[in-house]
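J.: Sharing a structure below in structure tokens format, with a few things to ask.
Computed from the coordinates by the stated procedures, all read-outs in this text should not be read as laboratory data. What you see is a predicted model; the values in this text were computed from it and never measured. Quick reminder, even Gly has a Cβ in these numbers, built from the backbone with ideal geometry, and neighbours come from all protein chains shown.
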Amino acid sequence: METIRTSVRRSSSVITLIIALIALGFSPLAADETASAPLPSFNFRFWGLDLMHTSLLKGPLPWGALEFTGASGGGIIERNYFRLADGSRRPEAITWPGFSPPTGGEELTTLTADLWLRLTQYLDAGSHFRAFAYARSRLVRNIAADSLVIPTLFTVGLPEAQGTFENSLAGGFGYTSMAKPSGDWSRKGVRADICYEWSYELYPEDLSTAFVHEISAEFSLFLPLYSSDSLRLVIADHALASALLGGTIPEQRLSSLGGNRYLPFNALGGIVRGVDDNAADGRLKAANNIELALFFPGLFKGIVVPGVLIFFDAGIADDGAFGSDPGTLRLSTGGALTVEAFGFYLYGGGALNVLTGRPEPYVGIGTHF
């Protein structure tokens, strides 16, 4: 069992390795792997409900405000397990499988319930610098997507195979100059966070436990390049990296990419569009998103704002043991038509996995980051 003190001592080497992984991401390397059978591609949290509320109060410090955010929800996720029975990495399909039913032993139906509470104290009169702390509880239950097929995860003897009950405490510091005059895509400014999260993992299958430590850093930039009454052109950049420390890391954490957020990304596949959710897992993960968005004049007295979005994504992970793994490099590009109305953001288009040439639809509700 790792201790918090051991994790802190290792943090500097972890951060160095994250930087090295990001640098390696610019090298055009891809794994020489045999493609797996086609698998369902739409694995986002669709059947469920999430509620979030934020309140801004006058804080105990005379120069800053106190912000309270609470979120709760749950859902059903159809997802894949990207490890073989021997623990080696299983590649994604090289062609988009469409809406086909499960075809192998890698598919899971995951039931989740989440609770997230965050307290943020701004430290200056302009509410730029802040300290934050949050608590998270997550219950995960895995069942077979096909009652006639035993999922691969269930056959490898991991205590978390059937699911986990996770409770976390975290804290960190951040900076923001973000302004959002009207709607998500009129944002401008920067936002940055660095945080540490301690998690207690309970595996109901055999009542065993584990402790996990995560160090993460996240940065977002929204820069208007041109703005007028008829057109608005914005470039956005988003980077997120995290390191998981501990004697054992459950599958559910290896295949997530966290940070100061209610719902983590689903490994590199959750943040690099055009890649299967939960693909390219690991203890170390780093990714970057670049978006170029063009917005047109609002319709119906400005209620509906149409737009066009082009994106470029990249990500890379380790081999699961803090070693470099060029085979986890993921690159994608794509675009979408967008509509913003009443604070909701809808988009539909396509994404292309650059290394495999695999195209797939890209649809969703809400912003990617």
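J.: Among PHE300, LEU329, ILE365, whose Cα sits farthest toward the positive end of the charge dipole of the range 264-369 (+1 at Cβ of Lys/Arg, -1 at Cβ of Asp/Glu, about the Cα centre)?
T.: Final value for the positive-end residue is PHE300.
J.: What ranking of TRP116, TRP63, TRP96 emerges when the number of other C-beta atoms within 10 Å of each C-beta is taken as an exposure proxy, fewest first?
T.: Lowest count first: TRP63, TRP96, TRP116.
J.: Label points 7 Å out from Cα along the Cβ direction at VAL190 and LEU169: separation in nm?
T.: So the two model labels end up 3.2 nm from each other.
J.: A further question on this structure: Calculate the length of the line joining the C-alpha centroid of the range 134-209 to that of the range 348-365, in whole Å.
T.: 24 Å
J.: How would ASP319, ASP277 line up from fewest to most surrounding beta-carbon atoms within 10 angstrom? It would help to have the intermediate numbers written out before the result.
T.: Values: ASP319 16, ASP277 24.
Lowest count first: ASP319, ASP277.
J.: Place a +1 charge on the Cβ of each Lys and Arg in the range 48-188 and a -1 charge on the Cβ of each Asp and Glu, then give the dipole magnitude about the Cα centre in debye, rounded to the nearest 20.
T.: My answer is approximately 540 debye.
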